[in-house]
Amino acid sequence: MFHDINLQARGTRDGHFVNAIVGNMSPCLVRARHLASFKHCAQVGLPCLQAQTRSFSATQFVSADFTHAVIGGGVVGLAIARALSQHPSSPSTLLLERHSAVGTETSSRNSEVIHAGIYYGANSLKTKLCIEGKDKLYEFCEKEGVPFRRTGKWIVAQNDLQYEALQKMYDFCTKEIHVLVRWVDREEAQRREPEVRADKAILESPTTGIVDSHALMTALLGLFENAGGTLALGSTVTAIRPLGKDGSEGWEIEVKDTGNGEVSTITAETIINSGGLGAVAIHNMIVPEDQKKEMFYAKGNYFSYPASSPKVNTLVYPAPEPGLGGLGTHLTLDMGGRIKFGPDVEWVDSPHDLAVNPARLPEAIEQIKRFLPNVDEKLLTPDYAGIRPKLAKAGAVALGKGFVDFDIRKEEGYQGWINLLNIESPGLTSSLAIGDMVRNMLYA
């Protein structure tokens, strides 16, 4: 009920060569679109490939081209690369991205919401990292000038079952994870958002917000490069081999240039698999047959709404439903105040299936009108779609069976391999906390 190494690699996205300086040593040419130039430097005696004397294994010395190789240049990979490159030991960190720019997959095809961490189990990584990441993200945005807004979020219940779900969420937030939520009474709701319908109750998450994800990734990339990190764009990992059988002597990575097909091989003391939609494929390159995994692709379709009426200033979500692969079609805002709706959950067979499915619009309209009845459905148009990488066709919230958590671990039986799987929502919010977690796993 209603309640009253210093390796500069900037300017490489177009694939042109740039000058790079390694510390105070001789300059060499680095091309971010492939890694052949690193081998050229080694052949002519330039010091680009001088190894760190740091080891992350049981051996005393590892000779490698890089201290760390981070695979995947989405927001999580960027956060990890930035955290590693800024470590006081000044490690050499390579970020490998298969596309011609960073952050072109899930990181730029989402709701851009800063989540509060209220949907997941109390002991889950999703809860821990989302709560920690939210605070870090707001602080980072203020410091680095990344656009964001503390919009708050309303979670609305239309029936008794949804109200029961909100009551459980309220108890969970106030008694277990201690995240701020509050009930919104009918008078306040009418005053603040008269267009929003909630027949039974509204639970507000005041610390939820939105962020410009592209500006965030640009800021992370700049800090990574300023700390001496190396970005290799258009670089698809095709094979990974642990050296010393288990990675105790480092890792050999085979990389294919997506532009000309040229293959290069580099070595690193550690590898961090943050491949997002490609993370399971990277995992399967390394492990034996009986340990291989399958990736499931949850496509989310988004629909834009260009009209100025009805006007809404707060994010609006339906009450969570057990077993649903997402949080339900909801209303979010971009930094310009434009309304968009989504994502739904459409299981697809390919991570490349990014065309908005217009057949999903009638169902979206039905869900939207439950909480925004005056929306003009004729003005809703397909906008964009994103894919969430999942280890199972399971629920996105910890209500009922099938919840699958973030999977972040030092992979058992190997040395120097950090594996990140099932990094879906709230990955954007958690990104900075994940970066710090991975750094601490390697440097504890």
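The values are calculated or read from the model by the stated rules, or taken from the named source; none is laboratory data. On a predicted model such as this, the values are computed, not experimentally measured, just so you know. Here Cβ is always computed from backbone atoms with ideal geometry, including for glycine, and neighbour counts include all displayed protein chains.
Looking at 254, 262, 249, which one is within 21 Å of residue 91 (Cβ to Cβ) and either assigned by TED's automatic domain parsing to the domain that holds residue 95 or more than 19 Å from the chain's Cα centre (by Cα) (or both)?
Exactly one of 254, 262, 249 is within 21 Å of residue 91 (Cβ to Cβ) and either assigned by TED's automatic domain parsing to the domain that holds residue 95 or more than 19 Å from the chain's Cα centre (by Cα) (or both), namely 249.
Scanning for something within 23 Å of residue 386 (Cβ to Cβ) and either at pLDDT 95 or above or of a type in the set (Val, Ile, Thr) (or both), does segment 261-269 turn up at least one residue?
As a first pass, look at segment 261-269 and keep what is within 23 Å of residue 386 (Cβ to Cβ): none.
Looking for residues that are within 23 Å of residue 386 (Cβ to Cβ) and either at pLDDT 95 or above or of a type in the set (Val, Ile, Thr) (or both), one finds none in segment 261-269, hence no.
Tell me which residues, restricted to segment 146-178, are assigned to a loop (DSSP other than H, G, I, E, B) and closer than 20 Å to residue 113 by Cβ.
146, 147, 150, 151, 152
For every residue, the table says whether it meets (1) modelled with pLDDT under 95; (2) touching a His at 6+ places or on another chain (Cβ under 6 Å); (3) not acidic (Asp, Glu).
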residue	(1), (2), (3)
136	no, no, yes
145	no, no, yes
148	no, no, yes
161	yes, no, yes
181	no, no, yes
193	no, no, no
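Could you check residue 344 against (1) over 17 Å from residue 110 (Cα atoms); (2) in contact with a helix residue (DSSP H, G or I) (Cβ under 9 Å, 6 or more places away or on another chain); (3) in a loop (DSSP other than H, G, I, E, B); (4) of a type outside the set (Gly, Ala, Ser) and say which number it fails?
Among (1) over 17 Å from residue 110 (Cα atoms); (2) in contact with a helix residue (DSSP H, G or I) (Cβ under 9 Å, 6 or more places away or on another chain); (3) in a loop (DSSP other than H, G, I, E, B); (4) of a type outside the set (Gly, Ala, Ser), the lone unmet condition for residue 344 is (1).
Considering only segment 211-239, state which residues are over 30 Å from residue 139 (Cβ atoms) and crowded, with 21+ Cβ neighbours inside 10 Å.
Residues satisfying the conditions are 234, 235, 237.
Are any of the residues in segment 120-131 buried (at least 22 other Cβ atoms within 10 Å of the Cβ), assigned to a loop (DSSP other than H, G, I, E, B) and of a type outside the set (Asp, Glu)?
For segment 120-131, residues buried (at least 22 other Cβ atoms within 10 Å of the Cβ), assigned to a loop (DSSP other than H, G, I, E, B) and of a type outside the set (Asp, Glu): present.
Just the residues that are small (Gly, Ala, Ser) and part of a strand (DSSP E or B), please, taken from segment 185-242.
201, 205, 209, 232, 235, 239
Any idea which of (1) in contact with a helix residue (DSSP H, G or I) (Cβ under 9 Å, 6 or more places away or on another chain); (2) on the phi < 0 side of the Ramachandran plot is the one residue 228 doesn't satisfy?
Unmet for residue 228, out of (1) in contact with a helix residue (DSSP H, G or I) (Cβ under 9 Å, 6 or more places away or on another chain); (2) on the phi < 0 side of the Ramachandran plot: (2).
Can you tell me which residue within segment 316-341, out of those that are of a type in the set (A, V, I, L, M, F, W, C) and either over 13 Å from residue 303 (Cα atoms) or outside any strand (DSSP E or B) (or both), is modelled with the lowest pLDDT?
324
Given the options 413, 336, 342, name the one that is surrounded by fewer than 21 Cβ atoms within 10 Å (Cβ to Cβ) and at positive phi.
After applying the criteria, what remains is 413.
Spot the failing condition for residue 89; the list is (1) crowded, with 18+ Cβ neighbours inside 10 Å; (2) at pLDDT below 95, and only one is missed.
Residue 89 satisfies all of (1) crowded, with 18+ Cβ neighbours inside 10 Å; (2) at pLDDT below 95 except (1).
Can you find even one residue in segment 422-432 that is closer than 23 Å to residue 119 by Cβ, modelled with pLDDT of 95 or more and in a strand (DSSP E or B)?
No, there is no match, as no residue in segment 422-432 is closer than 23 Å to residue 119 by Cβ, modelled with pLDDT of 95 or more and in a strand (DSSP E or B).
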